Every structure is written in structure tokens, then in C-alpha cells.
Amino acid sequence: MGALTTRRAGALLLSPLLVCYAVAFIAPIVLLFITSFVVGRGYYQPGTSLTTEHYVHVFTDSFYQKVLLNTLAMGVYTTCLTLLLGYPLAYHHARASSKTKGLLTILVISPMFVSLVVRGYAWSIMLSDHGVVNNLLMWFGIINEPVRLLNTMKAVVVGMVNVMLPFMVLPISSAVESINPHIEESAYVLGAGKLYTFFKVIFPLSLPGVIAGTVMTFAITMSSFVMPALLGGPGFQVFGTIIYNRILLISNWPVGAAMAFILVAIVVLVMYFQERLLSVLTKRRRLT
Amino acid sequence: MILDRLYKLYVYVMYFFILIPLIIIVGTSFTTSQYVTFPPEGFSLKWFVRVLTSYSWMFSFFLSAVIALVSMGIAILVSLPAAKALAKHRVTFLGRDVGVTLRTLFLSPIVIPMIVFGIGIAITLQTLGLYGTFPGLVIGHLIIVVPYVLRSLIVSFEGIPDSVEEAAITLGATPIKTFFKVTLPMAKSGLIAGSLFAFIWSFENVTVSIFLAVPGLTPLPIRMWGYLSEFADPSLCAVATIFIVVAFGVFLAIYRKMGKASMFAV
């Protein structure tokens, strides 16, 4: 076989997938992008005139600014908590014997296979005024009367942390797994304490996994709308819920589209910094 | 040591925290009361009976299953040749190697917010006149499932040494025969795992479906979403429990086929 035929074969083999992506990936993104500039409230149709007013509106209107801040707060709280809670779990998962690891992996990822609606509903049952959480807190005597958990940012963050834990635990676990256990042992042999070894040896070496998990968590949380809608209540507004509202309830397509693209821009920006951070880290490691 | 004990306790608590929503839902679905409480009151199967005899719940259930199966099938058909090309061929465009670029493009729906596709595909389908139809829902679900099928196929194909295929060709097999008799059987477990994943992601999807569903063509998660805002009685928990059982069945099938390593191979 000559080089030319293999090259042709490559193009031929890729063409069905390329067609699929043209219809289901590229066309939607292009149409959505144009729609975010359309005058009025409809989606893009040939012949409609274009404007940037929707972006200006979203960036200057105080309502949308508040929504953006709320979304960022939800993303940051969720990501930090997931990292703090998930890291020890990931370490345990990485260092488990291969037999128990199978079972633990099932435990960690099994909720991912159940629809978000179901998990959100479960949390709304648990966090309601007379739900399990309030009852337990009263039983332990921590509080005397039910505290309002549902329809607050707290409830949303708890639900989101629950959803995002697998996305944080698995990349960190595989990063920790790839650290040779002998490195850890030599640190102990040389007299380093457990905490010292952790902060000076293990954590720095697992940073690629930490960054991957953090970025994934932040990106998914920023664009989520099922958990915020089910646990945050009608007063809790983030980008996801507002986009849902603008498109499906009051069918104002351009504003929804503009907000969706702002989300994409934030995610792309964060991923760009991840890429830069990773390359700086690997370069530094090569130097030392 | 006390620190080790505390750490162990913490780990158990966290695993419990991960699983608790599922425990709550399954537990509540057997309640006898008319409203949702936990712990549940009494034990009955009446909510299951109600759900399993409800036409609209069963319709949504089967609709979701069929959408998942069809989009999974199409995803396999288009991903098999593409994965082969990306894993084994040099793909060039205008003389430049574009293999890595294409791979990034094809896998990017995993990181781009799904809500973007949801709205974008709704507009595309309206433009094509396919909005609110079964093919429209399948097109929407393709973008959810293809990246996962493609990714696990590329990983499987890359794990097959070139020498095996070369041997088959040297012995006189045509490239097509080599693919079906040698390459594909060796990539079988990756194919099965990727497909089952695709099925599950399609079956549980909310974010894309919610922008494509219309009355009369409502996938299961969207029907649950709508039901939640109106009734929220324990029948929702019964549906969710059936959902969990199906999802777990598929999941265990993947797990027995694969083990952890290849499930999350990137």
C-alpha cells in the first residue's frame, strides 16, 4: 500500500463521523453563536439582522451581574469543598489493595449512573425542614429547631459536591497511584513525618490530577442547572437556571444564547490556564 | 494510631455520603404513605404497581431506552472507522498532520457545557424541521454518546500492536478482512464498555433532552423533572428505583467486562 492510499483511506474512514459532527456539533454551535446576536427574541433565521446588545445587556444589567457573581460563588465553593473532601478519599482509593479497589471504584462512580433529577430529588427530601438532616441535627442536640437548608446556597453546594466527588476523586487517585510508593517510604526512612511527607512529597507530585479534577469540577458546576433548580428554589439564580428560564419558559433565545457563550468563554479560559499551569509545572520538574 | 483510625472513619463516612441519595430514594419507594418521608412508613409495593401500570411512565421509559439504543448503535457505526483512522493512520489535511487536532475536536463535547449543545441542537433541529421528532432526539443524543464510544475505541485500537495486523496482511488477508477478523475481535471489550457507557449517558441525560422534548415525546428523566414540579409523590421514587436498578445492571455488566483501568482510560 502506498502512502497515498492510506491517506485516502484515513479521510474515507473519518467521513461518517465528520458528517455527524457537522450536524450535531458544528451546526449547533455556529447557529447558537449567531443567535446570540439576533435582534429581538427569536432564534436565528436567514435574513434577520444582528446586534451585540444582548452581550452588552448581560454584562451591564445589575441583575445579570448578580447572577454571574452567584454562579462564580457556587463554582468556587463547590470546587474548594470537593477538593478538600475528595483528596483524602482519592488517596485512600489509590493506595487500596487491587481487590478492594474494584469495589471502591464501584462505590465512587455508581451515583454517576443515576439521573441528576433523581439525585437532586433525594437531596431535596433530605434537606427539607423535617428531613433527615434536620432531624439528625436535632437528635444530636446541635440545633433546637429545624434550620432552613433547602432553597439556600448551602443546599445547592452540598448537592453539587455530592455530584462532583467522582470527577475529583478519580483523576487525583490515578495521579497518586502513579507516584512510586518507594518515594513515600524513603521520605519516612529519612525521618520525615506523615504530614511533612504529604505536603512536601505526595501532594506536589499529584498536582496534575488535582488540576484536572478541579477544572472539571469547576466547569461542570458553573453550567449546572438541575441541582440549583431543585435545591436552590425559585430565588436562587445562576447562569444555568437563567438560561433554562430564558429559553424554555419565556422563549427569549438571544439572551439565553449569549449567556451560554459567556459560560463557554469562562470554561475555555479556565482550561487555558490549566494548560499553562501544567506546562509550567512539568518544566519546573524537569529543571530540578 | 488515633489519626489513622480517624482517617479510616472519615473515608467510610465519605463513601456513605456519596451513596446516600441512592439509599434515600430506594428506601422511600417502599413507603405506604401518600407523601415522601424518610425513614419510610411501613412497606408496600403499591407505588411500583402504580408506576408499572401507568402508560405515560412506561412510554417514557421505553422511549428513553430506544433513544439510547439507537444513538448508541449509530455512534458505534460512525466511531469504528474513525477510531481506526485516528489510532492507526496518519490523517493529513493540506499536507499537515491533523490527527491530534481532530481527536481533540471529537472529544471536546466532554468538556463543553452540555447546556450549549442542548440549545444549539434545538435551534438546528428547528432549522432542519426535525424539532420534536424522534430522529431529532437521536441527533441530540449522538453528541452525548459519540465521544465516549470513540474514546474507548481509540484506546483499544492503540493497544493492538501494528505487527498483528501486518502479519494478517502479509498472510494474504485484505485490509477489510483483517479489520473484522483480527482488529475488531481484539478490541471487543473496549467496544462493549464504550457502548454500555454510551447507553447509560443517553438514558440518564437531562441537560440536552430538556431542550428537545415535546409533550408526547418525553424521555424518562424529563418526565421525572416535570412530575417533580407538579406532584412529587412516592411514585417518583419508585420510578427512580427502577431507573437505579437498570443503570446498575448495565454498570455491573461494564464492570465485569472491563475492570476499572479501561473504564476511565483517556
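The values are calculated or read from the model by the stated rules, or taken from the named source; none is laboratory data. Since we're looking at a predicted model, the values are computed, not measured. Please note: Cβ atoms are built from the backbone with ideal geometry, for glycine as well, and neighbour counts cover all protein chains shown.
Structural remarks
- Qualifying positions in region B:37-69 - within 29 Å of B:Ser195 (Cα to Cα), among the small types (Gly, Ala, Ser) and away from every other protein chain (no Cβ under 14 Å): B:Ser56
- Residues of region A:102-130 classified as at the interface with another protein chain (Cβ under 7 Å from one of its Cβ atoms) and not aliphatic (A, V, I, L, M), total: 9
- Scope region B:56-106; condition among the polar types (S, T, N, Q) and closer than 20 Å to B:Leu184 by Cβ; matching residues: B:Ser79
- Pick from region B:6-36, criterion in contact with a Ser or Thr (Cβ under 7 Å, 6 or more places away or on another chain) and more than 8 Å from chain A (Cβ to nearest Cβ), ranking: farthest from A:Leu107 (Cα to Cα): B:Thr32
- Of all the criteria given as (1) buried (at least 16 other Cβ atoms within 10 Å of the Cβ); (2) more than 9 Å from chain A (Cβ to nearest Cβ); (3) of a type outside the set (S, T, N, Q), the one not satisfied by B:Ala83 is (2).
- Hits in region B:224-240 (condition: more than 9 Å from chain A (Cβ to nearest Cβ) and crowded, with 22+ Cβ neighbours inside 10 Å): B:Pro234, B:Ala238
- The criterion of at least 2 residues that are crowded, with 20+ Cβ neighbours inside 10 Å and in contact with a Leu (Cβ under 7 Å, 6 or more places away or on another chain) is met, among helices (runs of 4 or more DSSP H) falling completely within region A:186-288, by A:207-222, A:226-232, A:253-287.
- For B:Phe199: the one exception among (1) without any contact (Cβ under 8 Å) to a residue 24 or more places away in the chain; (2) assigned to a helix (DSSP H, G or I): (1)
- In region A:77-89, the residues that are more than 10 Å from chain B (Cβ to nearest Cβ) and either within 19 Å of A:Val226 (Cα to Cα) or in contact (Cβ under 8 Å) with a residue 12 or more places away in the chain (or both): A:Tyr77, A:Thr78, A:Thr79, A:Leu81, A:Thr82, A:Leu83, A:Tyr87
To keep it simple, each residue is scored yes or no on (1) aliphatic (A, V, I, L, M); (2) more than 8 Å from chain B (Cβ to nearest Cβ); (3) over 29 Å from the mean Cα position of the chain (by Cα).
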site: A:Ala11; (1), (2), (3): yes, no, yes
site: A:Leu14; (1), (2), (3): yes, no, yes
site: A:Ile29; (1), (2), (3): yes, no, no
site: A:Gln45; (1), (2), (3): no, no, yes
site: A:His57; (1), (2), (3): no, yes, no
site: A:Val67; (1), (2), (3): yes, yes, no
site: A:Gly75; (1), (2), (3): no, yes, no
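- Summed over region A:175-185, the residues that are surrounded by fewer than 19 Cβ atoms within 10 Å (Cβ to Cβ), within 27 Å of the chain's Cα centre (by Cα) and not β-branched (Val, Ile, Thr) give a count of 2.
- Residue selection: B:Ile169 satisfies the criterion of being of a type in the set (A, V, I, L, M), surrounded by fewer than 24 Cβ atoms within 10 Å (Cβ to Cβ) and free of Cβ contacts under 8 Å to residues at least 40 places away in the same chain.
- From the list B:Gly42, B:Gly95, the one residue that fits, being exposed (fewer than 13 other Cβ atoms within 10 Å of the Cβ), modelled with pLDDT under 90 and in contact with a Ser or Thr (Cβ under 7 Å, 6 or more places away or on another chain), is B:Gly42.
- When residues of region A:125-165 are limited to those that are small (Gly, Ala, Ser) and under 26 Å from the mean Cα position of the chain (by Cα), the one nearest to A:Met227 (Cα to Cα): A:Gly159
For every residue, the table says whether it meets (1) of a type in the set (A, V, I, L, M, F, W, C); (2) under 29 Å from B:Leu105 (Cα atoms); (3) buried (at least 19 other Cβ atoms within 10 Å of the Cβ).
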{"residue": "A:Phe33", "(1), (2), (3)": "yes, yes, no"}
{"residue": "A:Ser49", "(1), (2), (3)": "no, no, no"}
{"residue": "A:Thr52", "(1), (2), (3)": "no, yes, no"}
{"residue": "A:His57", "(1), (2), (3)": "no, no, no"}
{"residue": "A:Gln65", "(1), (2), (3)": "no, no, no"}
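- When residues of region B:180-194 are limited to those that are surrounded by fewer than 18 Cβ atoms within 10 Å (Cβ to Cβ) and touching a helix residue (DSSP H, G or I) at 6+ places or on another chain (Cβ under 9 Å), the one modelled with the lowest pLDDT: B:Ser189
- Yes/no for A:Arg95 being touching a residue at least 40 places away in the same chain (Cβ under 8 Å) and either in the same structural domain as A:Val161 (by TED's automatic domain parsing) or among the acidic types (Asp, Glu) (or both): yes
- Screening region A:82-119 for residues that are among the polar types (S, T, N, Q) and in contact with a helix residue (DSSP H, G or I) (Cβ under 7 Å, 6 or more places away or on another chain) and picking the one that is surrounded by the fewest Cβ atoms within 10 Å (Cβ to Cβ) gives A:Ser110.
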